[in-house]
Every structure is written in C-alpha cells, then in structure tokens.
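One structure below.
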Amino acid sequence: MTGRAATVPAFLEARRSIRAFTDEPVARDALDGLVEAACIAPAPHHSRPWRFVVVDSDAAKRDLAVGMGERWRTDLRADGMAPARVDELVAASHEKLEDAPALVLGCLTWDGLDRYPDPARQRAEWGMALLSLGAAVENLMVAAADADLASCWVAAPIFCPEAARDALGLPEVWLPHALVLVGHPDPAYVGRPRPPVPIDELRAYR
Ligand SMILES: Cc1cc2nc3c(=O)[nH]c(=O)nc-3n(C[C@H](O)[C@H](O)[C@H](O)COP(=O)(O)O)c2cc1C
C-alpha cells in the first residue's frame, strides 16, 4: 500500500528507446552536447574513466558493424546455431548500426582508477567504472530526449570490447562497453508501451 502521488519527473519519462530514425544527419555540435552531458555523470574518486567515440561516417559505421558482427558470428556458430540463422542475425545487426545517423561508443579506461594487488578489489574497481559508464550513458540518452533526438542503447560491444576497439583503430587502453544509436526520430516508429513500475515488488524497506 503506497497511495503516493506520481513522482517520476517528466524529463525521465520522456527518454525511450527509439530504434528508427529519419535520414537527417545529427549535427556534430549536438553530438558533442550529448557527450558533454555524459561526462558530468558521477564517477568514482572524481575520475572520468570513460572515452566516447562518435561514429558518424559511413565507413567507420561499417567497420564497427563488421568487426563486432564477425565476432558475434564466431560465437553463434560455436553455440551451434544454424548458419542461415546466424547470417540473418548478423545482417540485421549490420543494418541496425549502419542505418543509424550516428553511433556513440562508450569506452572504459583505467585512467584515474585505483589499482589493487588482489583480483577481488581490482574487479570491484572496474565494476565501479562500469556503473559510472551506465550513469554516463543514461545522461547522454536523457540529454538526447531533451534535444528531441532519438536514442537506443545497444549491448553488443560489452561482449566483444577488443573487436570493437580494433575495428575503429582505437588506443589499446580504450575498451568499448556501450553503444548508443542516435538520430532524429522516425515519426512512424511506435515503441512498446512502458509497463507500470510494480514498486512493491522492486523495492524493500528495512
Ligand atoms: C545495457 C543495455 C543494453 C541494451 N541493449 C539493447 C540492444 O542490444 N538492442 C536494443 O534494441 N535495445 C537494447 N537496450 C534497450 C532496452 O531494450 C530498453 O531500455 C528497455 O526495453 C526499456 O525500454 P525504454 O528504454 O524505452 O524505457 C539495452 C538497454 C540496456 C540498459
């Protein structure tokens, strides 16, 4: 029993995953604004353990799609998936990346993070950086919605950071972990309805 008034701010409600775009390019000034919004996210020990790569040329989009796609193809084949289905999935992922007007690739680095001699704390430190990248990506997408731009997070690079890095010739210490498609929203796109938040199942008080 809560009986509470609705409290989610409208600017948060306004961010939705939008997966279809018009052909209109996104101005680099606007893309820089989104990255700047990402870079004011909270991060451990006042660090900024992220690097953002804006991919807006057709050649680089293709390189990224192919680099990650080939890694995915290898994994799916190893899972035993039928080759025709593998081809279908990889082709659909190419299309998703190449059709977006711009991609923003969020990378993690050790720059500014603490180092520990033991693997458990080292893992926790990297986990904190990963959490902060999530916060940065949310900032980016909220800023996109505020600028009437569409965005959608794509999971792929977290499964193949090195393949994504090498596809774009990035420095070895930049490890891609998050990808966001950005563009002007296709007005015909109909998103899935957002299910209500079952707050009594998702939070506890002690
Ligand atoms: C870490 C992460 C990975 C995601 N990966 C994908 C993806 O690969 N493809 C996709 O279409 N959406 C992806 N999404 C978007 C989710 O499907 C979406 O956020 C969720 O369905 C809720 O919808 P909403 O964002 O419109 O509120 C991802 C979201 C997160 C946070």
For segment 149-170 the number of residues that are more than 16 Å from the ligand (Cβ to nearest atom) and free of Cβ contacts under 8 Å to residues at least 40 places away in the same chain is 2
Can you find even one residue in segment 131-140 that is part of a strand (DSSP E or B), near the ligand (Cβ under 10 Å from one of its atoms), open to solvent by less than 20 Å² (accessible area, probe 1.4 Å) and under 28 Å from residue 44 (Cβ atoms)?
-> no
Considering segment 148-159, residues that are within 12 Å of residue 105 (Cβ to Cβ) and of a type outside the set (Val, Ile, Thr), and then whichever is least open to solvent (accessible area, probe 1.4 Å), we arrive at 157
Among residues of segment 9-34 being free of Cβ contacts under 8 Å to residues at least 24 places away in the same chain and hydrophobic (A, V, I, L, M, F, W, C), the residue farthest from residue 95 (Cα to Cα) is 10
Residue count, segment 171-198, condition aliphatic (A, V, I, L, M), under 17 Å from the mean Cα position of the chain (by Cα) and open to solvent by 20 Å² or more (accessible area, probe 1.4 Å), comes to 1
Listed by first then second residue, the pairs whose first member lies in segment 82-99 and is free of Cβ contacts under 8 Å to residues at least 40 places away in the same chain, whose partner is open to solvent by less than 70 Å² (accessible area, probe 1.4 Å), with beta carbons under 7 Å and at least 6 positions apart or on separate chains, are 86/73; 86/76; 89/76; 90/69; 90/73; 94/65; 94/69
When segment 92-130 is checked residue by residue, the ones that are within 12 Å of the ligand (Cβ to nearest atom), assigned to a helix (DSSP H, G or I) and not hydroxyl-bearing (Ser, Thr, Tyr) are 92, 96, 97, 130
Any chance segment 1-8 includes a residue that's part of a helix (DSSP H, G or I) and either within 16 Å of the ligand (Cβ to nearest atom) or among the β-branched types (Val, Ile, Thr) (or both)? no
Whether any residue in segment 111-121 is free of Cβ contacts under 8 Å to residues at least 40 places away in the same chain and surrounded by 14 or more Cβ atoms within 10 Å (Cβ to Cβ) is what I want to check.
no
Taking segment 74-110 and keeping only residues that are polar (S, T, N, Q) and open to solvent by less than 10 Å² (accessible area, probe 1.4 Å), one is left with 109
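The values are calculated or read from the model by the stated rules, or taken from the named source; none is laboratory data. Note that the structure is predicted; figures quoted are calculated from it, not measured. Cβ atoms come from the backbone with ideal geometry, glycine included; neighbour counts cover every protein chain shown. Ligands, DNA and RNA are excluded from the accessible area calculation, which covers all protein heavy atoms including side chains. Shrake-Rupley method; radii C 1.70, N 1.55, O 1.52, S 1.80 Å.
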